[in-house]
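In what follows, a single structure is set out as structure tokens and then discussed.
The values are calculated or read from the model by the stated rules, or taken from the named source; none is laboratory data. Computed from a prediction, not measured in an experiment: that's the story for all the values here. Every residue, glycine as well, gets a Cβ built from its backbone with ideal geometry; the counts of neighbours run over all protein chains shown. When the accessible area is computed, the model is the full protein with side chains, heavy atoms only, and any ligands, DNA or RNA have been set aside. Shrake-Rupley method; radii C 1.70, N 1.55, O 1.52, S 1.80 Å.
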Protein chains: 2
Amino acid sequence: MSGLILALDVIDKKRALKIVEETKASLDYVKVGYPLILSTGINIMEKISELMPVIADLKVADIPDINELICRETFRNGAKGIICHGFTGRDSLKACIDVSREFDGDIYVVADMSHPGASAFFPDISVKICDIAMELGAEGIVSPANRPERLRKIKKRIKKLKLLSPGIGVQGGSIRDAIFAGADYLIIGRSIYMDKNPKTAAERIKKAIEEADDEEFPDR
Amino acid sequence: MSGLILALDVIDKKRALKIVEETKASLDYVKVGYPLILSTGINIMEKISELMPVIADLKVADIPDINELICRETFRNGAKGIICHGFTGRDSLKACIDVSREFDGDIYVVADMSHPGASAFFPDISVKICDIAMELGAEGIVSPANRPERLRKIKKRIKKLKLLSPGIGVQGGSIRDAIFAGADYLIIGRSIYMDKNPKTAAERIKKAIEEADDEEFPDR
């Protein structure tokens, strides 16, 4: 059964908390990023985590010393998981994973991205990033559903690691693309929080995920 | 004449402001990153910018929409410049540079990094990142002095773009390496803020930069 992660890319605190309150029955995690954290302060994660476990999508991409400080501060403030980049290499990613163990937290590693520019450098290194992530013991991999052929390749490579997949809806990927490729969690933002009624939007998406999960895909 | 940028990688607000106050006569910019911003709040940049122009070293590395939000929030809060990644591709970087124009701010693009893991993926793409940065009109490039041969190659490529160079001191590069390779600004952190007397440490480094600048290097 694939799960649903809300990408909460709003920058107003009240609105953020209201959306989580309304949609939480359909969600598995809430993903927050720097726009919300910088606008409202890092303690927003504590507030949200009272309602729903939080994944901090920080795309951490610095030298090991700085990655360690960023991850420690983020786990301390209520995050259950953190999304980090892997293209900075093994030692940078290891610094994140070492800190995650102190907090019983999870590190998810970006292996590909949903925007057009990601095609410049990611295709050549996605598989190597996955290998480093597996070797170091990351919890999962992030790769978008709007590049389903690359997503399937990544899923085959990472085996039991969790696959988190954004790029659905506004960015062009479909729920079926993601589930067909083997995504464990679908990351969906604007299709929920931009809807006039986020609650029913989340319910509708949750139902579509369940239906796609029930379909029989010949390749799976 | 090469300049000096203090990498202010401390996480205590009072200590951060005290170090800037003490060292500012030797500095051109103060570079702050997420550890300090997350610990103290984004308004720390306003405070520091009353003393010295701030470069926010956020290693911005997300999709264009999110990069735009991050950069806007950062310039709004007093940053003069922002360090962004280029490996996320042209559109992600363009989103940062477009926002910088609204604020008359500067974008610096990471072309290489100082830690061992950076050798996994950066050497193959550094030059392409520089080309994208030049084409889009970035203010400068960040590349470390502890890889002087790669630094020289980058300097030749970027011509008039500013070259900012970390990786000096604790990370193994020397002031002469950086200046010999053509760095316009040296980014130095621990050798200053870890010193018992940051003020005299900064003065000593400033003097060493001036002396190296006065040497005649056959290649320059």
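Through the Karplus equation 6.51 cos²θ - 1.76 cosθ + 1.60, θ set to phi - 60°, convert the phi angles of region B:83-92 into ³J(HN,Hα) values in whole Hz; use x for Gly and Pro.
8, 10, 7, x, 6, 7, x, 4, 5, 5
Against the 2.2 N^0.38 Å scaling, with N counting residues, where does region B:1-153 land? I'd like the Cα-based Rg ratio to two decimal places.
1.02
Measuring nothing but label to label, 7 Å from Cα along Cα→Cβ, what are B:ARG152's distances to the other copies in nm, shortest first?
Spacings between copies for this position, smallest first, are 4.9 nm.
Along the axis that rotates chain B into chain A, which residue of chain B has the nearest beta-carbon, and what is the gap in whole Å?
For the rotation taking chain B to chain A, the closest Cβ gives B:ALA61, 2.
Determine by what factor the alpha-carbon radius of gyration of the protein assembly as shown differs from 2.2 N^0.38 Å, reporting the quotient. Don't jump to the answer; show the numbers that get you there.
Numbers: Rg = 21.8 Å, N = 440, 2.2 N^0.38 = 22.2 Å.
Normalised Rg, Cα atoms only: 0.98.
At 1.4 Å probe size, with the rest of the protein present, what percent of the exposed accessible area of the protein assembly as shown is carbon and sulfur atoms?
48
Would you work out the Kirkwood radius for region B:64-220? I mean one over the mean of 1/r across all pairs of different Cα atoms, in Å.
After inverting the mean inverse Cα-Cα distance, the result is 16.3 Å.
Taking the convex hull of the alpha carbon atoms in region A:95-140, what volume per residue do you get, in Å³? Write down the numbers at each step before the final one.
Values: hull volume 3.4 nm³, N = 46.
Hull volume over Cα atoms, normalised by residue count, gives 74 Å³.
Give me the distance between the Cα centres of region B:29-86 and region A:28-44, rounded to whole Å.
16
How large is ³J(HN,Hα) for each residue in region A:198-204, as worked out from phi by the Karplus curve 6.51 cos²θ - 1.76 cosθ + 1.60 (θ = phi - 60°), to whole Hz, x for Gly and Pro?
The phi angles translate into x, 4, 5, 4, 5, 5, 5 Hz.
So which trypsin sites (Lys or Arg not before Pro) in region B:43-80 pass both tests, a DSSP loop state and at most 14 other Cβ atoms within 10 Å of the Cβ?
Values: sites: B:LYS47, B:LYS59, B:ARG72, B:ARG76, B:LYS80; in loops: B:LYS80.
Within region B:43-80, no trypsin sites (Lys or Arg not before Pro) qualify (loop, at most 14 other Cβ atoms within 10 Å).
Which of the pairs A:LYS155/A:LYS207; A:LYS47/A:LYS80; B:LYS160/B:LYS207; A:LYS47/A:LYS162; A:LYS94/B:LYS128; A:LYS14/A:LYS47 have their Cα atoms more than 19 Å apart in this structure?
Exceeds cut-off: A:LYS155/A:LYS207; B:LYS160/B:LYS207; A:LYS47/A:LYS162; A:LYS94/B:LYS128.
Between B:GLU50 and B:VAL127, take the C-beta separation as r, use R0 = 25 Å, and let me know the FRET efficiency to the nearest 0.05.
Rounded to the nearest 0.05, the efficiency is 0.05.
Sequence-distant or interchain residues sharing an amide H contact under 5 Å with A:ILE168, placed H: which?
A:ALA145, A:GLY173
Please sort by residue number the GluC sites (Glu not before Pro) in region A:1-80 whose DSSP state is loop and whose Cβ has at most 11 other Cβ atoms within 10 Å.
Those that pass, being in a loop and sparsely packed, are A:GLU50.
In whole Hz and in residue order, list the ³J(HN,Hα) couplings for region A:155-164 that follow from phi through the Karplus curve 6.51 cos²θ - 1.76 cosθ + 1.60, θ = phi - 60°; x for Gly and Pro.
Each residue's phi maps through the Karplus curve to give 4, 4, 5, 8, 6, 7, 5, 5, 10, 9 Hz.
Over the protein assembly as shown, give the accessible area per residue in Å² for a 1.4 Å probe, as an integer.
In whole numbers, the protein assembly as shown has 40 Å² accessible per residue.
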